[in-house]
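Working notes for the structure below.
The values are calculated or read from the model by the stated rules, or taken from the named source; none is laboratory data. Bear in mind that the values here come from a model prediction, so they are computed numbers and not experimental data. Neighbour counts are summed over all protein chains in view; Cβ atoms, including those assigned to glycine, are modelled from backbone coordinates with ideal geometry. Areas reflect the complete protein model, heavy atoms only, side chains present, ligands, DNA and RNA absent. Shrake-Rupley method; radii C 1.70, N 1.55, O 1.52, S 1.80 Å.
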Amino acid sequence: MKQRKDTRKTSFGYRFAMLHRLQMAMCRKDIQTQGLQPSQLPFVISLVHEDGPVTQGYLSEHLVIDKGTTARAIQQLEKKGFVSRRINPANRRQNLVSATEKAHAAADRLVATLTDAAESIVKGFSDQEKKLVLDFMDRMLVNAQETVNQIHESNKSI
């Protein structure tokens, strides 16, 4: 059997995924202490930063997470008291979701935990190097979003 070349050393995707998993490993205990799972964190943090209720569809698009996963996460978070959900009076087929006081109370601790983990990831970097990395990552995010938008557009024509 032919041995496959290990491309992880040159893969952006592998490195991004590993950084994310390592950051979550650093934060897992604090996240769980708040009564959450790491996979629920994006929903809570996003909802806390919204000015008001948003649809589950908006949340799915904003976080680039499929609608089924979003629905299950929102259902779990509602049971735990982190989100409230109600029917959209303007469109009864939609649910409006918002962060509860419990979510707002947990958010400061969660953001501090994430910030501490991020700081440990860039330990030893100068302020200039941190800015440069963030600038590169911002450009990558724009490129990735443009590609996803193109994929969505091409899927609409099928």
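Small (Gly, Ala, Ser), closer than 18 Å to PRO38 by Cβ and free of Cβ contacts under 8 Å to residues at least 24 places away in the same chain, is that true of ALA117? Outline the logic, then answer.
Numbers: small (Gly, Ala, Ser): yes; closer than 18 Å to PRO38 by Cβ: yes; free of Cβ contacts under 8 Å to residues at least 24 places away in the same chain: no.
Considered against the rule, which asks whether it is small (Gly, Ala, Ser), closer than 18 Å to PRO38 by Cβ and free of Cβ contacts under 8 Å to residues at least 24 places away in the same chain, ALA117 comes out as no.
In this entry, LYS102 passes the filter for residues that are charged (D, E, K, R), within 30 Å of GLY35 (Cβ to Cβ) and surrounded by 13 or more Cβ atoms within 10 Å (Cβ to Cβ).
Remark: pairs (first residue in the range 24-53, more than 14 Å from LEU114 (Cα to Cα); second residue among the polar types (S, T, N, Q) and buried (at least 17 other Cβ atoms within 10 Å of the Cβ); Cβ separation under 8 Å; 6+ apart in sequence or on different chains) = PHE43/THR70.
For ALA117, state whether it is surrounded by 11 or more Cβ atoms within 10 Å (Cβ to Cβ), touching a His at 6+ places or on another chain (Cβ under 9 Å) and either assigned to a helix (DSSP H, G or I) or not hydroxyl-bearing (Ser, Thr, Tyr) (or both). Lay out the reasoning, then the answer.
Numbers: surrounded by 11 or more Cβ atoms within 10 Å (Cβ to Cβ): yes; touching a His at 6+ places or on another chain (Cβ under 9 Å): no; either assigned to a helix (DSSP H, G or I) or not hydroxyl-bearing (Ser, Thr, Tyr) (or both): yes.
For ALA117, the condition - surrounded by 11 or more Cβ atoms within 10 Å (Cβ to Cβ), touching a His at 6+ places or on another chain (Cβ under 9 Å) and either assigned to a helix (DSSP H, G or I) or not hydroxyl-bearing (Ser, Thr, Tyr) (or both) - is not met.
The lone criterion from (1) assigned to a helix (DSSP H, G or I); (2) in contact (Cβ under 8 Å) with a residue 24 or more places away in the chain left unmet by ASN95 is number (1).
Taking the range 1-87 and the helices (runs of 4 or more DSSP H) fully enclosed by it, the elements with 1 or more residues that are out of contact with any Asp or Glu (no Cβ under 7 Å at 6 or more places or on another chain), open to solvent by 70 Å² or more (accessible area, probe 1.4 Å) and more than 25 Å from VAL142 (Cβ to Cβ) are at 12-33, 67-80.
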